[in-house]
Amino acid sequence: MYRMKGMQFLVHILSLIIICDFGSGSDLRYQDYAINPVGAIYQKIESQKAIAPFLSSKEFLEWTDQVSRHSLLNRANQVKLDPNALNNTNQGSNQTDLSGLFQNLISELSNFTAPETNNSSRNNTSNGGLGNVFQNILNNINPQLFNNILGSLFSNGIPSSPSNGSQNNSPNDDSGNVLQNILQNPDIGKTIASMLGGGNAGVFSGLDLENIAQQLSSGNIDPSTAGRMLILYLNGIVQYTNASANCRSDIIGVISGLQSMQPWALKMLDASAKIPTGVMNMDLNWYGSYDECYSDVTTLEAFGILPTTLPPVKGQYCTVSLNLPLPPEVQGFLLAMQSSGAIKAGMCFPKSCSSDDLVKVVNAFLYSIPLGNNTVTAYPINCPTPVEDDQLETSDKIVVIILIIFLILIVEGTLYDVIIIVWPKIKHSRKKADSEKQIDDSSNSSDSNYKLRAENEDIQQPKQKKNNPSVFGRIILSFSAYTNGKKILGTSQPKGSLTAVNGIRFLSMSWVILGHTIAFIMGSTSNFLTYYSDFLSRLSSQAVINALVSVDTFFVLSGLLTSYLLLKQMSKTKGRINWFLFYFHRFWRLTPVYMMVIGMYVTIYPHLIFGPNKPQPDEICKRVWWKNLLYIDNLFGLKDLCLGWSWYLNNDMQFYIVSPLLIVPFYFNKIVGAIISAIFLLAFTIIPGVISYMNNLSLHSIGGGPKDADRVSYFDDYYIVPWCRMGPYICGVITGYLLYITKCKCRMNIFVNLLGWVVAAASASAVLYGIYDTVKLDNPVELSKEVTALYNAVNRTVWGAAVCWVIFACATGNGGYINTLLSWKAFVPLSRLTYCAYLVHPLVMYVYYLNRNFPFYMTDLDFVYIFLANLVVSYGMAFILSIAFESPFMGLEKVMFPSRGKKEAK
């Protein structure tokens, strides 16, 4: 019960000073949400089960009832709402004046001993009881001085004592100014510090605030009196912390402003988060109002309803993480909810206070709360940089200069292309059209005469003047937005292209964005537990949860196209390949735009987000970007992963490097090639199974498999490493060889064709929906380590084989309507933009989600709309990115290697 009382009192104090901080997305990282799309949700739901008895207990209901009916903030606000309360000479029998309250405090404190710091035993000899210290102070100070202290607590003087009925009215005194003058007096400051039981470190632990709260709740204390006492208490705490002088002065100014109902002070209080509804559903994202905190004038102030009489204190929006002394089951729940294990909410503090200052002030108050052996700490406290204070660093300016240079090149290239290349063609086309029109007119009038003149060459046909640009001109043309845009948006394809690949690539990218949409947004959702619990209970949700296999589709496409195009090239060159160009082309095509995205992510991206969720600069990318340049970042674990979603690019490049070991043997001897591919496929099927069994990995990122499965190691040891992900790539290489040797012509018996489609559909469905019983929320089916290892060994390869069947059937004329759909020409330009869309789509989501000043309330309709918006905007940004960086570097490669053919291995 003592713990529960302490928790009740803690909520009272939280209600008074609104010290709480919001659960922002500033900690959002791809590693936590994108790679593990619902694992965090699963942990939260498990923790919810543990906390359910606590939330339904009588103690918790009494706790929330105390918050709503007996908030000290509400009591303190009555100081101004009822200014005549202290002027009433006939106080009720249940009311206690301030002098009597102090006498009660002295009696209570006489039995209290101040604890030593550093968790040592109580020292009753050297420090003495706090009540004795307080009594000695009262004996030594001037009685008139003490009366002045008491008088400062009232706007109209000291209330009458029981012995006399007179009042000492001072109508011209302003309580806020008087209080501030008193606190600035060093002698009185020492007195207040002693009253608070303060030490040298500015940690106060003396006044029995729980007793005050209980008396206030019982109605035995005048709320105005209690409010004044608490204001004095807060001022004393602020004065005797180690915070900077400006910070302390401004906080006291805010307290004085609240006493005198200053609009700017009320705005800061109003902008700070309050305990919201939905706490029992674990809504811990208490945003407050970021915009109101930074606004110059509120609506009420603009209407002149609240006048300003004191100089305003400039505010800043900050976040505070409260680590509460809660029961173990509640602490476990919070640890699952937030990495810091804290409730978070927004707070409007004075701008002069640094994060360190606020940690000292807030914790000085929290340490004074009597919770027995429990402690409440506030850490960290972060104050996101507002727009007005945002400045570019040197690295940011360098990236901006680079972007400006590219913009200039694009403008020059486009103008050169349009004026020198395109416009002469247009003029020639117009002359040719006029000439043809003249021919038609002449043939209508005198056909024989015109033919005779044409034979004698009296009529000259317009000829286009050839304009072959120089090397410098070709370099400039590489940056032409006109030409590059036409290439990207064009729907024509070379003869023999695998047209179904375009649709598969775009739909797979859409699937990735779908999974990331719901994964990224959960950190900014107020009803995430209720919505996601309902969402995950549906069988259909498995298609979204298992969006992870969409990446295996890309591995299939990469292996298939590399094999198919390399074998075709080898057949033309009789097996001779320029291996330098083979690898250089791949590196040159992927790396420039990849590095530019990393550069913009580190420098420009933080300046695009302002609000409660503003993230901290990514120090990881600043330190390990060179690993991304070498495509080895996935080999060092998630903690040092720069641009988290780049793990796929690293794997794909690593597969491409070793691909000739699989592809070249097929060209010279198909049996040898088949044996080598079979050995590779067997090895990269056994390895993930062994790793899963040895490390007792889970079946999926959300869990499943053995009861004690290790979900933490699932990604580092299995998900992002190449030796566990190469199975689908090998399937693609084999399928590419089959398309090469059949020349995309393979007539199948209708029953064989249908059997192939049925097996592929059943296999893919088994991968997507087959694990529902073991990952569902209620009564999941436990699997053995052996079965889990088998699934982890084969599931990605099985999915890759199913995708390979779809491509093979469509390419060989056995796809029917499916091939018609996947070969739709609208997919061609979208397919070309897929790589850039993959690079930029998480940043598009981050900018949208993290710029919100209030959380989402998710429904299925919101999910659909947000997904479609993310899809459209991601491809729009991909188009800009491709024109600015990807296409120009592809054009520069042709300038460097003019003999390189149009078709190149990927």
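Expressed as a whole number of Å, what is the distance separating the alpha-carbon centroids of the stretch 846-872 and the stretch 466-540? Comparing the Cα centres of the stretch 466-540 and the stretch 846-872, I get a distance of 19 Å.
Calculated FRET efficiency, Ser244 to Leu300, Cβ-Cβ distance, R0 = 35 Å: about 0.65 to the nearest 0.05. Please go through the residue pairs Lys267/Lys314; Lys487/Lys745; Lys670/Lys745; Lys344/Lys639; Lys825/Lys894 and name each one whose alpha carbons sit more than 22 Å apart in this structure. Result: Lys487/Lys745; Lys344/Lys639; Lys825/Lys894 exceed 22 Å.
Counted residue by residue at 0.36 nm each, then reduced by the alpha carbon distance between them, the extension gain from Ile404 to Lys622 reaches 76.3 nm.
Annotation: amide H-H contacts under 5 Å for Thr377 (H modelled 1.01 Å from N, sequence separation of 5 or more, or interchain): Asn323. For the pair Asp390 and Arg576 in one chain, pulling the backbone fully straight at 0.36 nm per residue adds 61.3 nm over the alpha carbon distance.
Surface composition of the stretch 716-867: carbon and sulfur make up 68 percent of the accessible area, probe 1.4 Å. Ordered by solvent-accessible area of protein heavy atoms (1.4 Å probe), largest first, the residues Leu608, Leu409 come out as Leu608, Leu409. Projected over every direction and averaged, the convex hull enclosing the alpha-carbon atoms of the stretch 629-773 yields 11.2 nm². Here the spin labels are modelled as points 7 Å beyond Cα on the Cα-Cβ line, and at Ile421 and Ile750 they lie 5.1 nm apart. Summarising the amide proton neighbourhood of Phe856: residues at separation of 5 or more, or on other chains, whose placed amide H is nearer than 5 Å comprise Thr525, Ser526. Most tightly packed first, judged by the mean number of other beta-carbon atoms within 10 Å of their residues, the peptides 813-820, 583-590 read 583-590, 813-820.
Applying 1/(1 + (r/R0)^6) with R0 = 51 Å to the Cβ-Cβ distance of Asn779 and Ser355 gives a FRET efficiency near 0.65. Across the protein chains, with a 1.4 Å probe defining accessible surface, the residues Trp625, Trp824, Trp511 rank Trp824, Trp625, Trp511 from largest area downward. Could you sort out which of Lys274/Lys614; Lys360/Lys397; Lys707/Lys776; Lys274/Lys776 sit more than 25 Å apart by Cα distance in this structure? Those over the limit are Lys360/Lys397; Lys274/Lys776.
Rolling a 1.4 angstrom probe over the protein heavy atoms with all chains in place gives the stretch 673-815 an accessible area of 44 Å² per residue. Couplings 3J(HN,Hα) for the stretch 843-851, derived from phi with the Karplus relation 6.51 cos²θ - 1.76 cosθ + 1.60 (θ = phi - 60°), are 5, 4, 5, 4, 4, 6, 5, 7, 8 Hz, where x marks Gly and Pro.
Surface analysis of the stretch 534-671 yields an accessible area of 36 Å² per residue, using protein heavy atoms and a 1.4 Å probe. Using R0 = 25 Å, the C-beta based FRET efficiency linking Leu790 and Ser533 works out to 0.25.
The values are calculated or read from the model by the stated rules, or taken from the named source; none is laboratory data. All values reported here derive from a predicted model rather than from experimental measurement. As a convention, Cβ positions derive from the backbone with ideal geometry for all residues, glycine included, and neighbour counts pool all protein chains shown. Ligands, DNA and RNA are stripped out before the accessible areas are found, and what is left, the full protein with its side chains, is counted by its heavy atoms. Shrake-Rupley method; radii C 1.70, N 1.55, O 1.52, S 1.80 Å.
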